[in-house]
Amino acid sequence: MNKNVILEFKNISKSFGKNAVLKGINMSLKEGSVMGLMGENGAGKSTMMKILFGIYSKDDGEIVFEGKPVQFAGPKDALECGVAMVHQELNQCLERNVKDNLFLGRYPTNHGIIDEKLMEEDARNLFKKLGIVVNLNAPLKTMSVAKRQMLEIAKAVSYDAKVIVLDEPTSSLTEREVHKLFEIVRELKKEGISFVYISHKMDEIFEICDEVSVMRDGQMIMTKEIGDTNMDEIISAMVGRSLDNRFPPVDNVPGEDVLELEELSTRYEPRLDSISLTVKKGEILGLYGLVGAGRSELLETLFGLRQLAGGIIKYKGEIVNFNSSKDAMDNGFAFVTEERKFNGLYLKGDLTFNTCINNLDAYKNGIALSNSMMRKATESEIKTMHTKCMGPSDLISSLSGGNQQKVIIGKWLERDPDVFLLDEPTRGIDVGAKYEIYQLIIDMAKRGKTCIVVSSEMPEILGITNRIAVMSNCKLAGIVETKNTNQEELLRLSAKYL
């Protein structure tokens with residue numbers, strides 16, 4: 001049965017100055033279907049969506065929604081007309097509860113007073129319909145990124161959206177949560193709701209999408225039914241070349257023990273419980289587990305962001321107790337956080353500011369900062385990380401998510417750390433750029449740097465590590481040699497203390 005087209009991009013073009021970022025884009029989305037949208041960071045996907053939602057104006061072309069040309073005045077206009085977007089970087093009121101975030105800007109009232117009872121009833125019915133279990137009165141700051149993402153999807157559904165754009169929706173989800181998300185998407189498809197599914201995860205594209213469109217350098221390279229293509233063809237279309245292996249060879253040789261945790265526990269929720277492990281110099285240690293298992297909390301503790309309640313940390317044979325991130329940095333630690341826009345970037349700053357901010361003493365000429373030294377350092381990191389941008393003076397907010405992540409990693413490289421803590425380092429990064437990050441991590445390990453990597457992607461954690469420590473309910477469930485383990489063992493360990 002042929003499905004009606006609900007959304008069309010017709011010959012959409014957009015330039016910023018002399019830089020043409022979209023060049024005659026055409027794409028059609030069918031009713032009750034999922035269109036995968038793929039492309040390297042900087043390919044134009046975000047610009048295309050910003051034009052749809054009225055954030056940017058197009059230079060040429062037409063957008064047709066439900067058979068009529070549209071030009072939304074902004075995201076609110078798009079939402080009220082039935083087009084919604086769940087962003088990769090969540091923008092929510094973390095101090096407020098689930099109900100407040102769900103009805104923000106449209107509270108139901110009774111004689112001018114907010115109707116709390118109706119809010120509760122509508123929210124409960126909505127989450128029941130979607131099969132999402134959530135405490136409606138819980139502040140969002142107490143919830144996992146996964147739960148907060150489910151809330152945004154529920155919010156889109158509550159607006160009776162006919163088209164929902166999902167931007168890297170599974171970047172912080174475990175496999176169990178991904179399956180739950182896909183269940184929701186499939187149920188909503190049955191109701192005729194359509195999805196644009198932006199992702200760099202090939203396996204998910206083939207599991208959930210009906211069609212896939214691939215962009216490269218501002219052009220639409222191909223659109224195919226998902227059954228008529230394969231992973232190699234998509235990668236070739238994305239990067240303009242074949243990519244024979246998803247992971248470089250892990251040929252680092254770990255040395256002596258450099259970091260030791262003995263019965264480590266933390267003071268505040270979620271509390272780590274008696275974590276004991278040793279990490280070697282030049283080793284890549286993976287941290288795996290379900291969201292909420294304590295992986296990020298362990299990295300935060302090592303970086304001085306969480307207080308110890310018990311146990312000790314030894315670094316290079318000496319007991320250390322970092323009381324702040326500055327203490328950790330002064331001792332050669334670096335931390336790439338999971339939520340880059342929340343605590344990894346200065347969004348109002350340019351690339352130079354964001355690259356140099358952690359290492360200002362290195363750019364002083366006498367007592368004053370040297371603009372030329374900072375610019376030179378930024379240009380060097382742009383080249384090293386292959387960051388797509390116009391130059392060091394670009395605002396960081398103008399870059400795609402993946403390129404922002406490259407700037408964050410480059411910022412830490414400027415300090416030449418000895419211990420690199422990486423929390424979901426390839427989140428929102430395309431397949432070609434992921435390979436570059438993997439190679440960078442392996443090269444650092446070969447130079448004697450110690451790397452601890454948190455990842456929710458099973459192939460990634462198995463593809464770039466020497467050993468894997470598995471967390472379960474804030475406890476250490478086990479440590480395995482990567483070459484001797486498999487997905488089944490990791491999943492079994494991750495459920496050990498649930």
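The values are calculated or read from the model by the stated rules, or taken from the named source; none is laboratory data. If you're wondering where the values come from, they're calculated on a predicted model, not measured in any experiment. Quick reminder, even Gly has a Cβ in these numbers, built from the backbone with ideal geometry, and neighbours come from all protein chains shown. Note: areas computed on protein heavy atoms with side chains; ligands, DNA, RNA excluded. Shrake-Rupley method; radii C 1.70, N 1.55, O 1.52, S 1.80 Å.
Things to note:
- Checking Leu181 against (1) free of Cβ contacts under 8 Å to residues at least 40 places away in the same chain; (2) in a loop (DSSP other than H, G, I, E, B), the condition it does not meet: (2)
- Any hit, the range 39-58, residues being charged (D, E, K, R), over 19 Å from the mean Cα position of the chain (by Cα) and open to solvent by 10 Å² or more (accessible area, probe 1.4 Å): yes
- Glu40, sole failed condition from (1) in contact with a helix residue (DSSP H, G or I) (Cβ under 7 Å, 6 or more places away or on another chain); (2) within 19 Å of Leu395 (Cβ to Cβ): (2)
- Filter result (within 21 Å of Lys68 (Cα to Cα) and either among the acidic types (Asp, Glu) or over 26 Å from the mean Cα position of the chain (by Cα) (or both)) within the range 15-27: Gly24, Asn26
- Those residues of the range 1-27 which are surrounded by 16 or more Cβ atoms within 10 Å (Cβ to Cβ) and of a type in the set (Gly, Ala, Ser), in sequence order: Ser13, Ala20
- On the stretch given as the range 63-74, residues that are open to solvent by less than 70 Å² (accessible area, probe 1.4 Å) and of a type outside the set (A, V, I, L, M, F, W, C) total 2.
- Just so you know, in the range 437-487 the residues that are among the small types (Gly, Ala, Ser) and part of a strand (DSSP E or B) include one that is surrounded by the fewest Cβ atoms within 10 Å (Cβ to Cβ), and it is Gly478.
- Scanning the range 84-126 for residues that are of a type in the set (Asp, Glu), assigned to a loop (DSSP other than H, G, I, E, B) and in contact (Cβ under 8 Å) with a residue 24 or more places away in the chain turns up Glu89, Glu95.
- Sub-7 Å Cβ pairs linking a first residue in the range 37-55 that is acidic (Asp, Glu) to a second residue that is surrounded by 22 or more Cβ atoms within 10 Å (Cβ to Cβ), at least 6 apart or interchain, are Glu40/Met238; Glu40/Asp430; Glu40/Ala433, ordered by first then second residue.
- Qualifying positions in the range 3-44 - closer than 30 Å to Glu191 by Cβ, charged (D, E, K, R) and modelled with pLDDT of 90 or more: Glu8, Lys10, Lys30, Glu31
- None of Val34, Val70 is of a type in the set (Val, Ile, Thr) and touching a residue at least 24 places away in the same chain (Cβ under 8 Å) except Val34.
- Across the range 216-264, the qualifying residues are those that are part of a loop (DSSP other than H, G, I, E, B) and small (Gly, Ala, Ser), and the one among them that is least open to solvent (accessible area, probe 1.4 Å) is Gly218.
- Test: residue in the range 413-433 that is assigned to a helix (DSSP H, G or I), open to solvent by less than 10 Å² (accessible area, probe 1.4 Å), at negative phi and in contact (Cβ under 8 Å) with a residue 40 or more places away in the chain: yes
- When residues of the range 489-498 are limited to those that are more than 16 Å from Glu457 (Cβ to Cβ) and in a helix (DSSP H, G or I), the one least open to solvent (accessible area, probe 1.4 Å): Leu493
- The one condition in (1) out of contact with any helix residue (DSSP H, G or I) (no Cβ under 9 Å at 6 or more places or on another chain); (2) over 27 Å from Thr142 (Cα atoms) that Leu298 fails to fulfil: (2)
- Candidate set: the range 157-190, residues that are closer than 23 Å to Asp77 by Cβ and charged (D, E, K, R); chosen: the one most open to solvent (accessible area, probe 1.4 Å): Asp160
- For Gly42: the one exception among (1) over 30 Å from Glu225 (Cβ atoms); (2) out of contact with any Pro (no Cβ under 7 Å at 6 or more places or on another chain): (1)
- The set of residues from the range 106-147 being within 30 Å of the chain's Cα centre (by Cα) and of a type in the set (Val, Ile, Thr) comprises Ile132, Val133, Val134, Thr142, Val145.
- Only one entry in Ala477, Ala445, Ala495 is farther than 22 Å from Asn343 by Cβ and touching a Cys at 6+ places or on another chain (Cβ under 8 Å), namely Ala445.
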